[in-house]
Amino acid sequence: MKKVSMLVAFALLSLAIVAAAGQGEKPEKMISGSIARLDTATRTLTVADAKGVQWTILWNDSTRVLGGELKAGQPVQLGYVESDSKNWATWIRVGETKQ
């Protein structure tokens, strides 16, 4: 009986750890617009969407940049996640999308 109780306790603990780990993942969101401001020193860009809303996005070494060089005025689409009250790009595609 003691072994069964220990196994049940271990199984419940394992399930709790797996559930807690899954809650930490943030869903990726997407934005499209044009680069309003670009600061390569701080790896920050501001994207203005079609409604004029501006989004501040940061990037790092793991961010994939596709389609060309980041420049102010360029159209972009990007995926980002929110972390520590900041928006971190996971990928950035420079240029117009093909319809």
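Scanning the range 63-93 for residues that are out of contact with any Phe, Trp or Tyr (no Cβ under 9 Å at 6 or more places or on another chain) and among the small types (Gly, Ala, Ser), we see that the one that is nearest to LYS26 (Cα to Cα) is SER83. When the range 59-85 is filtered for residues that are in a loop (DSSP other than H, G, I, E, B), under 20 Å from ALA36 (Cβ atoms) and not acidic (Asp, Glu), the ones remaining, listed by number, are TRP59, THR63, GLY67, GLY68, LEU70, LYS71, ALA72, GLY73, GLN74.
Of the residues making up the range 59-97, those that are in contact (Cβ under 8 Å) with a residue 60 or more places away in the chain and either aromatic (Phe, Trp, Tyr) or buried (at least 16 other Cβ atoms within 10 Å of the Cβ) (or both) number 1. Could you tell me whether THR56 is touching a strand residue (DSSP E or B) at 6+ places or on another chain (Cβ under 6 Å), surrounded by fewer than 14 Cβ atoms within 10 Å (Cβ to Cβ) and either assigned to a strand (DSSP E or B) or of a type outside the set (Asp, Glu) (or both)? For THR56, the condition - touching a strand residue (DSSP E or B) at 6+ places or on another chain (Cβ under 6 Å), surrounded by fewer than 14 Cβ atoms within 10 Å (Cβ to Cβ) and either assigned to a strand (DSSP E or B) or of a type outside the set (Asp, Glu) (or both) - is met.
Each residue in the range 59-68 was checked for being touching a strand residue (DSSP E or B) at 6+ places or on another chain (Cβ under 7 Å) and of a type in the set (D, E, K, R), and 1 pass.
Evaluated against (1) at pLDDT 95 or above; (2) within 17 Å of PRO75 (Cα to Cα); (3) of a type outside the set (Phe, Trp, Tyr); (4) exposed (fewer than 10 other Cβ atoms within 10 Å of the Cβ), ALA41 falls short on exactly one condition, (2).
The values are calculated or read from the model by the stated rules, or taken from the named source; none is laboratory data. Computed from a predicted model, the values in this text were never measured in an experiment. Cβ sites come from the backbone with ideal geometry, for glycine too, and all protein chains shown count toward neighbours.
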